Amino acid sequence: MWSNSSAAPFLLTGFLGSEAIHHWISFPFVIIYLSILFGNGILLLLIQNDHSLHGPMYYFLAMLAGTDLGVTLTTMPTVLGVLLWDQREVAKQACFTQSYFIHTLSIVESGVLLAMAYDRFVAIRNPLRYNSILTNSRVIKVGLGVLMRGFVSIVPIIMPLYWFQYCRSHVLSHAFCLHQDVMQLACADITFNHIYPVILVALTFFLDALIILLSYILILKTVLGIASAEERGKILNTCISHISCVLVFYITVIGLTFIHRFGKHAPHVVHISMSYIYFLFPPFMNPIIYSAKTKQIQMSIIHLFSVHKRT
């Protein structure tokens, strides 16, 4: 169907030089994987079943949890396949599909964090109009916009992968498929696949982070204008969870970008480890942050487990 010169699959790699202890390395990955599934699954369950959590802020949180689950379910099967069973082969079409969802969901996550910043901005700058501005229909439109941006914007760099010829080594440098890895193996002009991602990152991650920063500057300006210190503390407390998630996500993005761009001479294990941190740390931390910092989530968790205990 495709014009690839070879039908040979790609080969995934784990921790090069440490293949003998891949089984031991897999243990923390399995624990983190199960923790992510449990934490984000519980958040989705709580938001679905607890009517006190049926509001814009929690709808966006549900989108964040769903995105985190998607990222984890997309990456971890091949990672555990390599570490536990040495299943290194991956068909090209499956590899391209995995790459598409990995990059798409990263952009979606950035968009969801931006939507959550918009929610906090409206809640604090226009509290009396909050319900009239963030109606259910508007929340749905924002959510669909975030999803559409992510799923459409990645297509231009993934589609060429299907018709590129791959006459070089078929060995990838990770235990999952990334666009930047796959395109390096192509025997074709990949200029567009080099330039477009840089523009896309600037228009998504960088622009989203800038807008979030500006929104919090305006939020802080509003909060500082409130006379009561106690009231200021209560309002800022509603933002702590979101700010923490933003920092976790964008610090890992910056770290991964820095390593890839400027750490060419760093050991291979540093590049690999940073990639795993990028894909696993935010999904692992986000449920913990919201459970620890949001009173309504805490009350909902207590109610959920107390009901199960009584039954």
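So between Phe305 and Leu218, what do we pick up on full extension, going 0.36 nm a residue minus the alpha carbon distance?
Details: separation 87, 0.36 × 87 = 31.32 nm, distance 3.89 nm.
Contour length minus Cα-Cα distance gives 27.4 nm.
Amide H to amide H under 5 Å from Val171: which residues, 5+ apart in sequence or cross-chain, H placed 1.01 Å off N in plane?
Under 5 Å from the amide H of Val171: Leu11.
With Rg and Dmax of the Cα atoms in Å as the read-out, I listed (1) 19.7, 60; (2) 18.5, 58; (3) 21.3, 70; which label goes with the value calculated from this structure?
Here Rg and Dmax of the Cα atoms in Å agrees with entry (3).
Can you tell which of Ile277, Ile195, Ile140 shows the greatest fluctuation in a Gaussian network model of the chain with Cα springs below 10 Å?
Largest GNM mean-square fluctuation: Ile195.
Over the chain, what is the mean sequence separation of C-alpha contacts under 8 Å (at least six apart), divided by residue count, expressed as relative contact order in percent?
On the way: 325 pairs, mean separation 83.5, N = 311.
Over the chain, the number comes to 27 percent.
For every other residue with a beta carbon closer than 13 angstrom to the beta carbon of His22, add +1 if it is Lys or Arg and -1 if Asp or Glu, then tell me the sum.
Values: positive: Arg88; negative: Glu19, Asp86.
Its environment carries a net charge of -1.
Might you list the cysteines of the chain that have no disulfide-compatible partner by the rule of another cysteine's Cβ under 4.7 Å?
Cys239, Cys245
Would you mind putting 284-292, 62-70, 215-223, 124-132 in packing order, based on average other-beta-carbon counts within 10 Å, highest first?
Values: 284-292: 19.2, 62-70: 22.6, 215-223: 15.0, 124-132: 13.0.
Packing order, densest peptide first, comes out as 62-70, 284-292, 215-223, 124-132.
If you look for lysine pairs in the chain that are eight or more places apart or on different chains, how many of them have Cα atoms under 26 Å apart? Before the final figure, lay out the partial values.
Values: Lys221/Lys234; Lys221/Lys293; Lys221/Lys295; Lys234/Lys293; Lys234/Lys295; Lys293/Lys309; Lys295/Lys309.
The number of close lysine pairs in the chain is 7.
Would you mind counting up the charge near Arg88? Only other residues with Cβ under 15 Å from its Cβ, with Lys and Arg at +1 and Asp and Glu at -1. Walk me through the numbers on the way to the answer.
On the way: positive: Lys92; negative: Glu19, Asp86, Glu89, Asp181.
Summing Lys and Arg as +1 and Asp and Glu as -1 gives -3.
Using a 10 angstrom cutoff on alpha carbons, build the Gaussian network for the chain and name the most mobile of His51, His22, His170.
The residue that fluctuates most here is His51.
Sort 268-275, 235-242 by the packing proxy (mean of other Cβ within 10 Å over each peptide's residues), most packed first.
Values: 268-275: 15.4, 235-242: 17.5.
Sorting 268-275, 235-242 by mean packing, highest first, produces 235-242, 268-275.
The numbers here are math on the coordinates, done by the rules we state, and not lab data. Every value quoted in this text rests on a predicted model; they were computed, and no experiment measured them. Methodologically, a virtual Cβ is constructed for each residue, glycine included, from the backbone with ideal geometry; neighbour enumeration extends over all protein chains shown.
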